[in-house]
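Since every read-out is calculated from the coordinates, none of them should be taken as a lab result. A quick note: this is a predicted structure, and the numbers were derived from the prediction, not measured. Don't worry about glycine lacking a Cβ; one is built from the backbone with ideal geometry, like all the others, and counts go over all protein chains shown.
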Amino acid sequence: LPYSCSHEINANMTYLAIREDLNTLVKRHIASVVSSSPARAILTLENDAAELISSGLETMYAKLLHERDHAFMRRMVEIWGFFWDQVLPYVEGVLLPLQTDPLLLSLYRTPKTHGHAGSGSAGKGGSLSGLGGLGLTNSPQVDVRTVALKMFRDRIVLLVYPRLHEKLTASQEE
């Protein structure tokens, strides 16, 4: 094999090995959270994923913070492209056990529905994950993609929105 091809294969194998190691750590974390509080496990894991992703987005936000006006929009597009093409698939791969772990899936019970509205129950469509938090899941797993996209919105887009709006409005007026 040519050097570049074998180098790429080695890089991919290293990536897969690291991702498998991180998946193992995520599975351990799932077991720990479920054993300490099964009723709040999905909510807790969803919030943990959001915190992890949010802390990683601080670096991206910092790159936008000090960008000069003429390069701001270009940098914003670069950051979005990097997030969408590189970060999001990687985070989804690393946090895949949040969507597939049998222990987590075993917690889910189909909610009971009642024939009349005044039953005093949680109501139709409730689940363990409907207890609060980000309110992203109504299933036995954490929707990592949705959590990551909402964190990008909250930790980058909304923080630079005034500047972004100003640039977009100015370009429309020209």
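Points worth noting:
- Listed peptides 94-107, 73-86, 141-154 by packing density, highest first (mean Cβ within 10 Å): 141-154, 94-107, 73-86
- Shape of segment 11-93, Cα gyration tensor, a/c cut at 1.5: oblate
- Packing order of peptides 54-63, 14-23, highest average first: 54-63, 14-23 (average count of other Cβ atoms within 10 Å over each peptide's residues).
- The phi torsions of segment 17-28, fed into the Karplus equation with coefficients 6.51, -1.76 and 1.60 and a -60° offset, translate into couplings of 5, 5, 4, 5, 4, 5, 4, 4, 5, 5, 4, 4 Hz, rounded to whole numbers, with Gly and Pro shown as x.
- If you plug the beta carbon distance of residue 59 and residue 171 into 1/(1 + (r/R0)^6) with R0 = 35 Å, you get a FRET efficiency near 0.80.
- At R0 = 25 Å, FRET efficiency that the Cβ-Cβ distance of residue 35 and residue 100 yields, to 0.05: 0.85
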